[in-house]
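Shown next, in structure tokens, is the structure this report addresses.
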Amino acid sequence: MAHCVTEEAEKILDKEFRVLDKGFVRLVDYCGGDERIVQAARVSYGGGTKSYRQDADLIDYLLRNKHTSPFEQVGFTFHVKMPIFVARQWIRHRTARVNEISGRYSVMKDDFYVPALEDVSAQSADNKQGRSPDPLPTAEGEKVRRALEDGQKAAYRDYTALVEGGLAKELARVNLPLSLYTELYWQMDLHNLFHFIELRLHPHAQKEIRDYAQVLLDIAGAVAPRAVESFRRHVLGSVTFSAEEMAELKRRLGKGNAAPLEGRAHERFEDKLR
């Protein structure tokens with residue numbers, strides 16, 4: 001199996017892609033690309049790399065039919081700087097290898113996330129875990145931003161005083177807020193990266209982690225462009241229907257005689273059609 005180098009990926013190695021106000025994503029290293037996916041898929045019968053179109057069709061077939069192991073042959077190592085509240089959602093994806101900066105050994109930097117004015121919104125009326133799509137009025141939004149900044153400054157001032165006073169760093173850090181930026185090295189294969197992006201680009205995901213997921217997708221596109229193109233079409237641009245929803249589709253097309261959906265099932269189905 002030949003060593004795979006992707007020209008576009010080489011161009012962005014170690015480049016910082018800015019996210020939020022002080023965060024970034026950086027591609028530290030990668031292993032493989034589209035060619036590696038094709039090589040892995042064909043290894044059982046020894047077929048070599050074929051035409052671009054044939055390779056793209058094979059990758060498309062693999063992704064549509066959930067033959068995931070060839071995608072696991074492509075690996076990424078990222079250096080990411082993000083607020084701790086984003087990291088706590090990020091780390092839920094347990095298929096990665098992670099090393100995070102330690103506040104027990106290092107003095108934490110005075111880096112805190114303050115949302116942009118257009119991202120300061122009230123609680124959503126129909127989503128218990130999300131915010132309204134409409135930002136607060138400017139004056140009210142600025143008041144919120146000032147309150148966040150004041151709390152951050154006070155917390156960091158106390159933290160600094162405790163550290164300089166000789167308190168152990170592992171204790172001095174405990175009152176630092178979730179808006180503090182942390183950094184980690186994050187290593188993951190393409191199959192699991194696709195799963196991460198699918199979930200974290202969903203409209204119900206928090207806006208801040210969606211921003212990171214979009215950058216990860218763009219970087220993955222430099223490493224494995226055909227795989228990412230297929231992922232965009234068949235996963236990001238797709239909808240999954242349940243058995244009863246498929247019966248409803250057939251009924252509406254005049255190819256089935258199932259009873260119409262009612263209640264919440266009907267609402268969920270209509271949401272998918274929008």
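What the table below lists for this structure:
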quantity	calculated
Number of the exception - Leu261 against (1) touching a residue at least 24 places away in the same chain (Cβ under 8 Å); (2) aliphatic (A, V, I, L, M); (3) in contact with a helix residue (DSSP H, G or I) (Cβ under 8 Å, 6 or more places away or on another chain)	(1)
Answer residue from region 166-209, given it is in a loop (DSSP other than H, G, I, E, B) and of a type outside the set (A, V, I, L, M) and is farthest from Pro225 (Cα to Cα) among those	Gly166
Unmet criterion (only one of (1) in a loop (DSSP other than H, G, I, E, B); (2) in the same structural domain as Trp186 (by TED's automatic domain parsing)) for Leu261	(2)
From the options Tyr105, Tyr45, Tyr52, Tyr61, residue that is touching a His at 6+ places or on another chain (Cβ under 9 Å) and modelled with pLDDT under 95	Tyr61
Single residue of Leu201, Leu190 found to be assigned by TED's automatic domain parsing to the domain that holds Thr68, touching a residue at least 60 places away in the same chain (Cβ under 8 Å), in contact with a helix residue (DSSP H, G or I) (Cβ under 8 Å, 6 or more places away or on another chain) and of a type outside the set (Asp, Glu)	Leu190
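The values are calculated or read from the model by the stated rules, or taken from the named source; none is laboratory data. Values in this document were obtained by computation on a predicted structure and should not be read as measured data. Reconstructed Cβ throughout: ideal geometry from the backbone, glycine too, with neighbour counts over all protein chains shown.
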